[in-house]
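Here the structure is laid out as structure tokens; the discussion comes afterwards.
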Amino acid sequence: MPSPIGHALAGIAVAWGADLFPGNRAWRTAPRTAAWYARAGNGLTLACVALAIAPDLDLLFRGFHRSITHSFVSVGVVAAVAGLAATRARLPGARIACMCAGAWATHMLLDWLAADPSSPKGIQAMWPFNDTWFISDWEVFPGTERRRIFSASSIRLNLATLVRELALMMPLVLGLWLVRVKTLAGLSSELARRHHPAE
Ligand SMILES: [Zn+2]
């Protein structure tokens with residue numbers, strides 16, 4: 001299974017990728033002079049990072065790992081809660097529901113793509129309707145070892161996974177950042193023109 005760092009990068013990719021879609025997104029822009037946190041998308045980008053990692057909090061509950069929080073039902077719950085919260089805050093509900101649910105869903109996708117040394121392998125994506133465990137067997141990510149994390153073999157495996165995650169995810173995240181900066185800069189200058197047509 002991927003590390004929290006791999007999952008976090010996927011959450012960032014969803015938040016920045018969503019900003020490329022046309023619609024009500026002018027509120028996601030920040031001037032070039034703003035702090036980097038604002039330019040990166042503020043708390044919503046951070047929320048997507050947290051949501052992409054959060055399904056593994058089920059590790060705290062023995063016997064539930066990669067079931068309830070790794071199923072499509074949980075994606076629906078996240079979409080509903082995020083949509084409601086956004087609408088109450090007078091923000092675009094459908095857009096934020098898709099971003100948050102998308103971030104959560106990347107966790108399932110990355111787990112499905114990764115190697116899994118445990119048994120049964122994979123995730124119970126159809127819980128509670130079906131208790132089948134799903135895994136691609138493509139081993140895109142080598143997997144992580146959470147037991148004896150300071151042993152040489154665990155350190156080797158976890159480092160190999162981290163390197164693979166950075167190699168695969170960083171080009172995607174950096175590419176999205178560059179395109180997003182361009183897209184949102186165009187959007188904010190268009191807004192400025194609309195508000196100050198004389199300039
Ligand atoms: Zn997981």
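The values are calculated or read from the model by the stated rules, or taken from the named source; none is laboratory data. Since we're looking at a predicted model, the values are computed, not measured. Every residue, glycine among them, receives a Cβ derived from its backbone with ideal geometry; neighbour counts consider all protein chains shown. Please note that ligands, DNA and RNA were not included when accessible areas were found on the heavy atoms of the full protein model with its side chains. Shrake-Rupley method; radii C 1.70, N 1.55, O 1.52, S 1.80 Å.
Scanning segment 1-16 for residues that are surrounded by 18 or more Cβ atoms within 10 Å (Cβ to Cβ) and at pLDDT 95 or above yields 6, 7, 8, 9, 10, 11, 12, 13, 14, 15, 16.
When segment 56-78 is filtered for residues that are exposed (fewer than 14 other Cβ atoms within 10 Å of the Cβ) and within 11 Å of the ligand (Cβ to nearest atom), the ones remaining, listed by number, are 57, 59. Taking the stated definitions as given, is residue 51 touching a Ser or Thr at 6+ places or on another chain (Cβ under 8 Å), in a helix (DSSP H, G or I) and within 13 Å of the ligand (Cβ to nearest atom)? Criteria not met by residue 51. Residue 20 - would you say it is part of a helix (DSSP H, G or I) and within 26 Å of residue 164 (Cβ to Cβ)? No, not satisfied.
In the condition set (1) assigned to a helix (DSSP H, G or I); (2) more than 19 Å from residue 104 (Cβ to Cβ); (3) under 19 Å from the mean Cα position of the chain (by Cα), residue 27 is compliant with all but (3). Screening 20, 46 for residues that are surrounded by 15 or more Cβ atoms within 10 Å (Cβ to Cβ) and modelled with pLDDT of 95 or more leaves exactly one candidate, 46. Answer yes or no as to whether residue 94 is away from the ligand (no atom under 16 Å from the Cβ), open to solvent by 30 Å² or more (accessible area, probe 1.4 Å) and in a helix (DSSP H, G or I). Criteria met by residue 94. Provide a single number: the residues in segment 115-124 that are closer than 22 Å to residue 72 by Cα and open to solvent by 30 Å² or more (accessible area, probe 1.4 Å). Of the residues in segment 115-124, 4 are closer than 22 Å to residue 72 by Cα and open to solvent by 30 Å² or more (accessible area, probe 1.4 Å).
Counting only residues that are farther than 21 Å from residue 121 by Cα, open to solvent by 80 Å² or more (accessible area, probe 1.4 Å) and outside any helix (DSSP H, G or I), segment 142-199 holds 5 of them. From the list 127, 133, the lone residue that is open to solvent by 80 Å² or more (accessible area, probe 1.4 Å) and in contact with a Pro (Cβ under 6 Å, 6 or more places away or on another chain) is 133. Going residue by residue through segment 81-88, is there one that turns out to be hydroxyl-bearing (Ser, Thr, Tyr), within 30 Å of residue 28 (Cβ to Cβ) and more than 14 Å from the ligand (Cβ to nearest atom)? Yes, segment 81-88 contains at least one residue that is hydroxyl-bearing (Ser, Thr, Tyr), within 30 Å of residue 28 (Cβ to Cβ) and more than 14 Å from the ligand (Cβ to nearest atom).
Of everything in segment 110-120 that is within 12 Å of the ligand (Cβ to nearest atom) and assigned to a loop (DSSP other than H, G, I, E, B), the residue that is nearest to residue 141 (Cα to Cα) is 114.
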